[in-house]
1. Looking at (1) modelled with pLDDT under 80; (2) under 25 Å from K14 (Cβ atoms); (3) of a type outside the set (S, T, N, Q); (4) in contact with a helix residue (DSSP H, G or I) (Cβ under 7 Å, 6 or more places away or on another chain), can you tell me which one R442 breaks?
2. So which helices (runs of 4 or more DSSP H) stay within region 95-195 end to end and still have 2 or more residues that are at pLDDT below 85 and within 28 Å of L25 (Cβ to Cβ)?
3. From the list F407, F330, pick out the single residue that is out of contact with any Ser or Thr (no Cβ under 9 Å at 6 or more places or on another chain) and among the aromatic types (F, W, Y).
4. With (1) surrounded by 15 or more Cβ atoms within 10 Å (Cβ to Cβ); (2) more than 22 Å from I315 (Cβ to Cβ) as the list, and K176 as the residue in question, which single condition is left unmet?
5. Just name the residue that is modelled with the lowest pLDDT out of those in region 255-311 that are within 24 Å of the chain's Cα centre (by Cα) and at positive phi.
6. Of the residues that make up region 195-204, is at least one basic (K, R) and closer than 30 Å to C324 by Cβ?
7. Give me the helices (runs of 4 or more DSSP H) completely within region 218-327, filtered to those with at least 3 residues that are out of contact with any Gly (no Cβ under 9 Å at 6 or more places or on another chain), ordered by residue number.
8. Tell me, yes or no, whether region 208-217 has at least one residue that is farther than 24 Å from E76 by Cβ and either surrounded by fewer than 21 Cβ atoms within 10 Å (Cβ to Cβ) or polar (S, T, N, Q) (or both).
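The values are calculated or read from the model by the stated rules, or taken from the named source; none is laboratory data. Note that the structure is a prediction, hence the values are computed from the model and not measured. Note that each Cβ is placed from the backbone with ideal geometry, even for glycine, and that neighbours are counted across all protein chains shown.
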Amino acid sequence: MTSYTMHPQEAFIKEATSKIADKDLRQRVTFLLEGNDNKRKLALDEFSNLELAKQRAAYVKWKITENLDKYLVDFEAAIVRKGGKVVWAFDAANALAELDQIILRSKAKNIVKSKSALCNEIGLNEHLRSKGKSIVETDLGDYVMDALGEKPFHSVMPAIHKNLSEVNKLLNQKIKSSLDADEQELVSDIRSELRNKFFEADIGITGANFLVADTGFVAITENEGNARLSFAFARTHVVLASIDKLIPTLNDLDLFFTLLATHASGQQLTSYNTITGPRNKEDVDSPSEFIVILLDNGRSNLLATQDQRQALSCIKCGACSSVCPVFKNFGGFPTFQTYGSGPIGQVVGALQQGLEEYKYLSNASTICGKCTGVCPVKIDLHNHLLRNRHEAVQQGFEKTGEKLAWFTWKKFMLNRKNLNRAASIKSFTFRQLYRTDWGEKREFPKIAEKSFNQLWREKMGSV
């Protein structure tokens with residue numbers, strides 16, 4: 001695996017170069033993502049007015065973002081009224097420290113968790129294992145990637161790039177499944193392995209797809225049933241959620257559940273749960289303790305940027321990644337942004353963690369606009385990437401060599417004699433200026449022997 005101790009951009013280039021060279025990986029991922037795209041298109045055809053639905057969703061999320069402080073207070077009050085608890089965490093270290101205290105207080109030994117991008121963002125698994133705690137992934141794809149010691153490839157389909165043979169070898173070593181098992185047999189074997197983990201869990205950790213401000217409900221969607229089982233038998237249910245997960249009312253779930261399912265996996269609707277709080281006297285099961293950890297982790301920085309705060313509307317459907325031509329070439333793992341993969345991660349990750357060190361994320365894009373077109377909440381993703389680039393230049397974060405290259409290019413292009421020089425001279429000049437940024441594996445554009453000006457003069461005579 002790539003070392004995470006090197007500079008993020010160096011690590012990005014190293015691993016991206018490796019993945020792009022893997023032709024089988026690219027073909028497999030492209031095939032699967034295109035299949036997912038086709039399913040999405042069929043599901044979206046079921047909307048009587050898709051554009052209106054997206055406009056409504058965008059407006060609801062805009063209203064939340066513009067009044068986030070009010071809705072956060074409303075959500076906390078609703079949770080407390082139902083006997084739950086809200087813990088505020090400023091950053092990843094703060095969230096992990098709070099979780100450590102919960103584990104210590106409850107004397108928990110066994111912990112299970114369902115799919116959560118936020119847990120990946122704060123490095124939850126690595127942290128707990130460094131403390132000697134047992135934590136088990138219960139989502140099928142995350143279970144496989146965790147066993148391999150790798151990061152998820154895609155926010156919705158974490159192991160989409162792995163073939164059956166790779167998974168068989170891994171699970172044969174881990175749970176003694178057959179090397180010849182098909183997909184259904186593997187799922188059955190993993191289910192059997194996880195069943196006891198659910199029963200033995202002291203703490204169940206989940207993420208949240210949506211937090212309902214007026215009722216204090218936590219809404220979770222799933223396809224495998226593991227999210228509900230993650231906290232069904234545990235004494236304590238901990239929800240790790242970011243402050244941008246809020247929606248105003250329970251009525252809004254109808255719209256957002258549908259948009260999420262269609263854009264994420266091409267389904268009209270997935271299974272979903274709404275958690276209302278800890279166990280009541282009338283309940284026969286469910287956790288007796290219910291805690292929501294609300295995490296900022298740089299989102300306030302994004303909220304403070306008037307032009308870019310729209311990115312906080314994201315509902316984590318992963319559609320922007322699925323259509324992104326850059327993502328299809330090397331996936332989510334080389335970008336190392338904490339927020340998530342694909343175009344939305346490139347926008348938010350750079351602003352969340354700091355443009356100076358992570359400005360390269362916004363450059364890893366063709367700015368084709370496919371991400372903007374597919375977004376269910378109408379985030380202007382490709383223009384946000386351009387704004388990140390502009391802001392990095394405005395703040396003086398570009399390299400000295402880059403400044404010099406563009407200064408030279410400008411001087412060259414403003415001089416007609418330079419433009420009319422022989423193609424070999426122009427090719428040499430541009431190769432010297434941009435050979436590093438262009439990349440060793442890419443063929444440099446061929447420069448025409450004669451400029452348009454020269455051809456025009458030959459055809460029309462001197463003017």
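1. Unmet for R442, out of (1) modelled with pLDDT under 80; (2) under 25 Å from K14 (Cβ atoms); (3) of a type outside the set (S, T, N, Q); (4) in contact with a helix residue (DSSP H, G or I) (Cβ under 7 Å, 6 or more places away or on another chain): (4).
2. Here the list reads 164-175.
3. F407
4. Condition (1) is where K176 drops out.
5. Within region 255-311, the match that is modelled with the lowest pLDDT is G298.
6. Within region 195-204 (the criterion being basic (K, R) and closer than 30 Å to C324 by Cβ), the answer is no, since none of the residues qualifies.
7. 253-265, 299-303
8. Residues of region 208-217 that are farther than 24 Å from E76 by Cβ, as a first pass: none.
There is no residue in region 208-217 that is farther than 24 Å from E76 by Cβ and either surrounded by fewer than 21 Cβ atoms within 10 Å (Cβ to Cβ) or polar (S, T, N, Q) (or both).
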